[in-house]
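Read-outs throughout are calculated quantities, based only on the coordinates presented, and are distinct from any laboratory measurement. Model, not experiment: these values are computed from the prediction. Every residue, glycine as well, gets a Cβ built from its backbone with ideal geometry; the counts of neighbours run over all protein chains shown.
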Amino acid sequence: MLKRMVMITMRDVVNILGVNIDNITAAAALDRAEGLVKSEGTSVIYTPNPEIVMAAYENSGFREVLNSADMCVPDGIGVVYGSRIIGKPLPERVAGFDLSMGLMERMSGFGGRVFLFGSKPGVADEAAKKLTEKFPGLQIAGTRNGYFAESDESEIIDEINASNADLLMVCLGAPKQEKWINKYKDKLNVKLCIGAGGSLDVVAGTVKRAPEIFIKLNLEWFYRLCKQPSRIGRFMALPKFILTVKKENKKNDK
Ligand code: UDP
């Protein structure tokens, strides 16, 4: 518990539109995630992109949920641009997918247990298969799809707790996953919950991640937009986010 408290108090964060984002490299975020998954108590990591930060800016309840995390990493390059606008540049984008994969790779080294929760029926099971092939030492503690009624939730908690998982990947999309984690974190006996969006779809292969070159050029968002033009509404959150950061920054300068 002490170790966890030290880790939390040592956080260096940049406040963007009211949301505390960890000022951390991807490598350091992975080390910290590994520390959390090995510590007592239940820790939480969220992976906000500009759309999620905008939602939190507009809703104080959701903002409090994000700010109660033990670590919040900038999942979208837009969040990094936002940090530059306010003169507190974050070192780099930390993709929730990469962080989760890196953590599971490390967990495979010590037989760590992961519970995969979320996505359409069958996706978490397929992701479990792929993860076992990729990381043979990783133990799949359980899987559960992300479509359920509120009345099923206590049974889901019991199932997760009975599985003795160290890590709970919650892939229900934002803001559902963050709210779900926040509601139940005190009832869960896992060491770490990560709100990881569409990660299980990518692991299972139902959704393809952008080719490496797009990721390197910070154009993953563009690739996803071309692949799924119906997401245009969601992508409009990016210009709105940048404009809002600029506006708030000007206000604070006065
Ligand atoms: N999802 C879910 N339950 C729901 C709504 C969504 O499990 O009630 C899943 C959905 O199947 C998908 C993920 O949540 O796997 C959300 O993916 P999306 O790409 O929207 O997430 P992002 O990473 O963009 O937040």
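Enumerate the helices (runs of 4 or more DSSP H) found wholly within the stretch 12-78, keeping only those where 1 or more residues are of a type in the set (Phe, Trp, Tyr) and away from the ligand (no atom under 16 Å from the Cβ).
Numbers: elements: 26-37, 50-58, 60-67.
Because the criterion is at least 1 residues that are of a type in the set (Phe, Trp, Tyr) and away from the ligand (no atom under 16 Å from the Cβ), the helices (runs of 4 or more DSSP H) in the stretch 12-78 that meet it are 50-58.
So Leu131 clears everything in (1) part of a helix (DSSP H, G or I); (2) hydrophobic (A, V, I, L, M, F, W, C); (3) more than 15 Å from Ser100 (Cα to Cα) except one condition, right? Which one?
Failed condition: (3).
Residue check: is Leu17 touching a Phe, Trp or Tyr at 6+ places or on another chain (Cβ under 9 Å) and hydrophobic (A, V, I, L, M, F, W, C)? Give the derivation first.
Numbers: touching a Phe, Trp or Tyr at 6+ places or on another chain (Cβ under 9 Å): yes; hydrophobic (A, V, I, L, M, F, W, C): yes.
Taking the combined requirement at face value, the residue satisfies it.
For residues that are of a type outside the set (Phe, Trp, Tyr), part of a loop (DSSP other than H, G, I, E, B) and within 12 Å of the ligand (Cβ to nearest atom), scanning just the stretch 136-147, find the one that is surrounded by the fewest Cβ atoms within 10 Å (Cβ to Cβ). Even if it seems obvious, please write down each step before you answer.
Applying the first criterion (of a type outside the set (Phe, Trp, Tyr)) to the stretch 136-147 yields 136-146.
Among the residues that remain, those that are also part of a loop (DSSP other than H, G, I, E, B) are: 136-138, 145-146.
Subset that is within 12 Å of the ligand (Cβ to nearest atom): 145-146.
Values: Asn145: 18, Gly146: 21.
The qualifying residue surrounded by the fewest Cβ atoms within 10 Å (Cβ to Cβ) is Asn145.
Please work out if Phe117 is among the aromatic types (Phe, Trp, Tyr) and surrounded by 19 or more Cβ atoms within 10 Å (Cβ to Cβ).
Working: among the aromatic types (Phe, Trp, Tyr): yes; surrounded by 19 or more Cβ atoms within 10 Å (Cβ to Cβ): yes.
In short, yes.
Show me the helices (runs of 4 or more DSSP H) entirely contained within the stretch 148-248 in which 1 or more residues are within 15 Å of the ligand (Cβ to nearest atom), in contact with a strand residue (DSSP E or B) (Cβ under 9 Å, 6 or more places away or on another chain) and within 27 Å of Glu92 (Cβ to Cβ).
Once the helices (runs of 4 or more DSSP H) in the stretch 148-248 are filtered for at least 1 residues that are within 15 Å of the ligand (Cβ to nearest atom), in contact with a strand residue (DSSP E or B) (Cβ under 9 Å, 6 or more places away or on another chain) and within 27 Å of Glu92 (Cβ to Cβ), what remains is 176-184, 199-204.
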